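Student: To start, I am sharing the structure in question, which I have written as structure tokens.
The values are calculated or read from the model by the stated rules, or taken from the named source; none is laboratory data. On a predicted model such as this, the values are computed, not experimentally measured, just so you know. Methodologically, a virtual Cβ is constructed for each residue, glycine included, from the backbone with ideal geometry; neighbour enumeration extends over all protein chains shown. Calculation scope for accessible area: heavy atoms of the full protein, side chains included, ligands and nucleic acids excluded. Shrake-Rupley method; radii C 1.70, N 1.55, O 1.52, S 1.80 Å.
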Amino acid sequence: QVQLVESGGGLVQAGGSLRLSCAASGRTGTIYTWGWFRQAPAKEREFVAATRWNGDGTYYADSVKDRFIISRDNAKNLVYLQMNSLKPEDTAIYYCAADPGLASEVAVVLGSEYDYWGQGTQVTVSS
């Protein structure tokens, strides 16, 4: 099993930045794909970003591309989501996810494919 805990959420003004962190514990050596998803009120969960354990392959939703950066520190079992130029539309609960597989770029954008999830952290962007 892998346990994931997100942190770093909060309230930020539009145009500002936040960095979310996801700490993994348990069988962290099995993680192949890291992902970030978000869910806004009254909306479906949506893909935000994903990366591989070795950094070979990064994927972003069009809505966050060029503003958000996903990265990871394998030695510390951490994955990050640096969020810049935040917009009110980015307001959501952000979830970290991980999986031992998901080599396909089709699979990495589907939340239903991930085995492990964190509890979520709230990000609120004021206008």
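Student: Go through (1) in a strand (DSSP E or B); (2) hydrophobic (A, V, I, L, M, F, W, C); (3) open to solvent by 10 Å² or more (accessible area, probe 1.4 Å) and name the single condition LEU20 misses.
Tutor: (3)
Student: Residues that are surrounded by fewer than 19 Cβ atoms within 10 Å (Cβ to Cβ): which strands (runs of 3 or more DSSP E) entirely in region 52-127 hold 2 or more of them? If you could, list the steps in order and put the result at the bottom.
Tutor: On the way: elements: 58-60, 68-73, 78-83, 92-99, 121-126.
Ranges flagged: 58-60, 68-73, 78-83, 121-126.
Student: State the number of residues belonging to region 10-34 that are of a type in the set (Ser, Thr, Tyr) and touching a Leu at 6+ places or on another chain (Cβ under 7 Å). Give the derivation first.
Tutor: First pass over region 10-34, keeping only residues of a type in the set (Ser, Thr, Tyr): 17, 21, 25, 28, 30, 32-33.
Now restrict to residues that are touching a Leu at 6+ places or on another chain (Cβ under 7 Å): 17, 21, 32-33.
Final tally of qualifying residues: 4.
Student: So which residues in region 67-99 are within 16 Å of PHE47 (Cα to Cα) and either among the aliphatic types (A, V, I, L, M) or in contact with a His (Cβ under 8 Å, 6 or more places away or on another chain) (or both)? Step through it out loud before you land on a result.
Tutor: Step one: list which residues in region 67-99 are within 16 Å of PHE47 (Cα to Cα), which gives 67-71, 79-83, 89-99.
Residues satisfying the conditions are ILE69, ILE70, VAL79, LEU81, MET83, ALA92, ILE93, ALA97, ALA98.
Student: Now for a different question. Would you mind telling me which numbered condition in (1) more than 15 Å from ASP66 (Cα to Cα); (2) loosely packed, with under 13 Cβ neighbours inside 10 Å; (3) among the small types (Gly, Ala, Ser) GLY26 fails?
Tutor: (2)
Student: Confirm whether PHE47 is in a strand (DSSP E or B) and farther than 15 Å from TYR116 by Cβ. Can you show your working first?
Tutor: Details: in a strand (DSSP E or B): yes; farther than 15 Å from TYR116 by Cβ: yes.
So PHE47 passes the test.
Student: Would you pick out the residues in region 18-73 that are charged (D, E, K, R) and under 22 Å from ASP90 (Cα atoms)?
Tutor: Keep residues of region 18-73 that are charged (D, E, K, R), which gives 19, 27, 38, 43-46, 52, 56, 62, 65-67, 72-73.
Passing the criteria: ARG19, ARG38, LYS43, GLU44, ARG45, GLU46, ASP62, LYS65, ASP66, ARG67, ARG72.
Student: How many of the residues making up region 63-89 are in contact (Cβ under 8 Å) with a residue 40 or more places away in the chain and within 13 Å of the chain's Cα centre (by Cα)?
Tutor: The qualifying residues number 6.
Student: Now a separate question. Residues to consider are ARG72, ARG45, ARG52; find the one that is in contact with a Ser or Thr (Cβ under 7 Å, 6 or more places away or on another chain), farther than 18 Å from SER7 by Cβ and of a type in the set (D, E, K, R). Outline the logic, then answer.
Tutor: Numbers: ARG72 fails: farther than 18 Å from SER7 by Cβ; ARG45 fails: in contact with a Ser or Thr (Cβ under 7 Å, 6 or more places away or on another chain).
Sole residue among the options that is in contact with a Ser or Thr (Cβ under 7 Å, 6 or more places away or on another chain), farther than 18 Å from SER7 by Cβ and of a type in the set (D, E, K, R): ARG52.
Student: Next up: All but one of (1) of a type in the set (Lys, Arg); (2) assigned to a strand (DSSP E or B); (3) surrounded by fewer than 18 Cβ atoms within 10 Å (Cβ to Cβ) hold for ARG38; which doesn't?
Tutor: The one condition ARG38 does not meet is (3).
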